[in-house]
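The values are calculated or read from the model by the stated rules, or taken from the named source; none is laboratory data. Not measured: the values here are computed from a predicted model. Neighbour counts run over all protein chains shown; Cβ positions are idealised from the backbone, glycine included. Accessible surface is based on the protein model in full, side chains and every heavy atom, while ligands, DNA and RNA are left aside. Shrake-Rupley method; radii C 1.70, N 1.55, O 1.52, S 1.80 Å.
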Amino acid sequence: MYNYLEGLNEPQRIAVEHRDGPIMIIAGAGSGKTKVLTTRIAHLMKNGVDAFNILALTFTNKAAAEMKERVEKALGNSEARNLYIGTFHSIFARILRVEAPKLGYPSNFTIYDTDDAKGVIKDIVKAMNLDDKHYKPAYILNRISAAKNGLIGPAAYRVDSAIQMEDAKSQRHRMADIYDAYANQCFKNGAMDFDDLLFKMHTLLTTFPDVLAKYQQRFHYVLIDEYQDTNAAQYSIIKLLGAVRENICVVGDDAQSIYSFRGATVQNILQFQDDYDDVKVVKLEQNYRSSQNIINVANNVIGNNQHQIPKELWTSNKEGEKIMLARTMTDNDEGKFVADAIKEMQMRNHYANKDFAILYRTNAQSRAFEESLRRMNIPYKLYGGVSFYQRKEVKDYLAYLRLVVNTRDEENLKRIINVPARGIGNTTVLKYISAANEHERTVWEIIENGSGNPKVDGFVQMIKGFQSMLQTKNAYDVAFAIGKYSGLVAELYNDKTVEGLARYENVQELLNSIKEFTETPDEEGEILDKSLGSYLQQISLQTDVENNKNDEDMDVVKLMTIHSAKGLEFPCVFVVGLEETLFPSSMSLYDRAGLEEERRLFYVAITRAKERLWVTYANSRYRFGTLVQNDESRFVQEIPLAYLDRTFSGASNRPQSGPSKGVSGMLNQNFDKVPSLKKLADKLATSTAAQKVHTPSADFTADDAADMSVGTKVEHQKFGFGTILTLEGGANNRIAGIDFGAGHGVKKIMLNYAKLRIVK
């Protein structure tokens, strides 16, 4: 056993040694929160508190296991094994195993996972003769989950006017009936879903006073980790369990409350001092993780939130590098910049791949970074989700594209013949596969000349319609038509769950990449074959790579959403996509609570960095097939210029406030100090910053390419105004050499695919 109090700073020691009464420990990022919590438990046990009388609740099994291990090490014995340390769900499941018969459940009740729950809901929707495309299991489960986390049961759901208005607005008038039937079916099956472990625990404590008294007497001390992430059900249960002794210790950071979409409410930690008398408040403000410059930026950004517990992080770490702000022309250029910067830092400072993390607001943003890292042969791993091209909705979309180009592709045909659902079951498909094998033909050959099944025939005609576009339309036009007329995009658009919105964003990102493919010059400045087949060949070369092994210790760059990065730290961090309507999200711009949570999310991203931090954004990116001009995020404006590296900043001359709209170079000055960065700056200045952004004329309408000839003055939506210098090729594949001036130079453009306006 060692002296577990050794090495604690003064606020940490106060938090550890405080014994009775409510205490709130505000633990800033990187301030040693876990160390304080585990040392406090060890100190209680060392001073006579029985392990069986201590309850510690966490949000992850990993955190619980780490806490137990640290307590055991501090005490030098196995008493820590008797602690009630675990996640809310695991501890409450443990209690419910004992007490479930009081609620009418067997002690060995089943715990349904998400798929189990969706299966029950699917059967209920079918039994009620409801449209399963409108009453989707994922949406329904999301609604029920939110209700349970808010302690709203089926009966209360039915009479809640706000909830009923929401369901009426979405044309789902039977939601209350479904919730009621779902609860009854689970009860009949002797099963609880994940949210029931909270909901039923609360029901148990409020319905049976003897049970409540039993656990109030058992748990003399209650400790809660990440208190800012608790929801209404967790908050209420904690209040009930600690009501007698009020030996409640909550540890958290209101500045890191970022899970409102899961039902968490920052108000739980903000109002803690109002819930109890004589609350001891200890602020852990010394950061042991990050450099001074990173901490200064974090403080300045989060200081703009109105609703928070005042605190000021500080560190005795070295000042460190300034934050590097980079603006790029497009999101693809952003990906290139990040990959180049990683390679550069590896060469100059000998960082390993695993020292870098790329953090973004939405999973859909990963594509540009994945592609750029592949091109640079930089190994990476995607966390918190599958690789962009491995996501189901993206694979479904690509399967359509591949089948249209090659109808012999049986695997892709099988994948999407009933996606979206069109009533073609597995039995039908197996029949055609059997016939194809028997006659040594492809499945497509069996069904294309009349299958005898109207639904299959309709599918065939749809695919043939898409095929008729291949010779006359570019990759984007064909892909857009496929998404629209197959029903793929509409199905995802209509799914308003968090997961549904993410899937919709992903297919839009795929379309954006195809759009950019059709409009971006090749390396030599030429735009030649922009057909769907050419695009698929390019994608196949990019995606036909062995998946990264599932090993967190591998030397790979980490890619993840900021939500997934909470609790982690990295030597070098890129926080990307800092643009208005992306980060902060467009859904938060007109709501202070939402905007402040977005700012907290940026704060979390900043404080993941230990040594170096990059903040990047794109001046333009494709969204829904349209090139959109972006303003830099208001959060970027909240970073004082004093902490920005003006060598890297694309906004070194920007005013302290107000959005910066111009496009400037990545590396503007002090090149002589780092010659290799001068080379990178020259490359980026040519490809991004030197290119002027063009806003199409208000009356922009594409004209017929047949009316264009050498000398014709034209306007391009992206490149601006130019003059046709040369024309090559036949009537159906004319390639024009167009001089767009100093901003873009001469571009080779296929007139049949380009959208050009003739300037009179």
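Sorting 314, 614 by solvent-accessible area of protein heavy atoms yields 314, 614, largest first, with a 1.4 Å probe.
To the nearest ten degrees, helix 61-75 and the longest principal axis of the Cα atoms of the chain are 40 degrees apart. Segment residue 461..residue 374, full-extension length gain: 27.5 nm, with 0.36 nm per residue of separation and the alpha-carbon distance subtracted.
Counting only protein heavy atoms and using a 1.4 Å probe, the accessible area of residue 709 comes to about 60 Å². Ordered by solvent-accessible area of protein heavy atoms (1.4 Å probe), largest first, the residues 427, 712 come out as 427, 712.
Local charge sum around residue 234 (other residues, Cβ-Cβ under 13 Å, Lys/Arg +1, Asp/Glu -1)?
Local net charge: -1.
Which distance in Å, rounded to a whole number, links the C-alpha centroids of the stretch 309-349 and the stretch 195-212? The stretch 309-349 and the stretch 195-212 have Cα centres spaced 48 Å from each other. On the basis of the beta-carbon distance and an R0 of 45 Å, residue 60 and residue 279 show a calculated FRET efficiency of 0.95. Accessible area per residue for the chain, computed on protein heavy atoms with a 1.4 Å probe, is 44 Å². Summing Lys and Arg as +1 and Asp and Glu as -1 over all other residues whose Cβ lies under 12 Å from the Cβ of residue 334 gives a net charge of -1.
For the chain, a crude dipole built from +1 on the beta carbon of Lys and Arg and -1 on the beta carbon of Asp and Glu, taken about the Cα centre, is about 200 debye to the nearest 20.
Taking semi-axes √(5λ) of the Cα gyration tensor in Å as calculated from this structure, the corresponding entry among [x] 46, 37, 22; [y] 50, 37, 22; [z] 54, 33, 28 is [y]. Dipole of the chain computed with +1 at Lys/Arg Cβ and -1 at Asp/Glu Cβ about the Cα centre; of 365, 475, 230, farthest Cα towards the positive end is 230. Relative to the longest principal axis of the Cα atoms of the chain, the long axis of helix 675-684 makes an angle of roughly 60 degrees. The alpha-carbon of residue 748 sits under 19 angstrom from the alpha-carbons of these lysines, leaving out residues fewer than 8 places away in its chain: 473, 515, 530, 692, 713, 718.
Counting only aspartates and glutamates at least 8 places from residue 46 when in the same chain, those with an alpha carbon closer than 13 Å to its own are 17, 72, 79. A 1.4 Å probe, protein heavy atoms only, puts the accessible area of residue 480 near 100 Å². Within the same chain, aspartates and glutamates fewer than 8 places from residue 122 are excluded, and of the rest, those with a Cα less than 13 Å from its Cα are 131, 132. How much net charge surrounds residue 225 when only other residues with a Cβ under 14 Å from its Cβ are counted (Lys, Arg +1; Asp, Glu -1)? Taking every other residue near residue 225 into account, the sum is +3. Computed over the stretch 424-504, relative contact order equals 14 percent, with contacts defined as Cα pairs under 8 Å that lie 6+ residues apart.
Using just its DSSP H runs of length 4 or more, each adding -39500 (n - 2.57), the chain gives a mean residue ellipticity at 222 nm of -13000 deg cm²/dmol after division by all residues. Among the protein heavy atoms, those of residue 485 account for about 150 Å² of accessible surface (1.4 Å probe, every chain in place).
Each part gets one Cα centre, and for the stretch 91-142 versus the stretch 381-459 those centres are 32 Å apart. Under the convention that each Lys and Arg Cβ holds +1 and each Asp and Glu Cβ holds -1, the size of the dipole of the stretch 328-367 around its Cα centre is about 140 debye. Split the accessible area of the chain by element, probe 1.4 Å, and carbon with sulfur accounts for 49%.
Of the residues 198, 265, 590, the one whose Cα sits farthest towards the positive end of the charge dipole of the chain is 198 (charges of +1 on Lys and Arg Cβ, -1 on Asp and Glu Cβ, taken about the Cα centre). Ranking 489, 615 from most to least accessible surface, computed with a 1.4 Å probe over the protein chains only, gives 489, 615.
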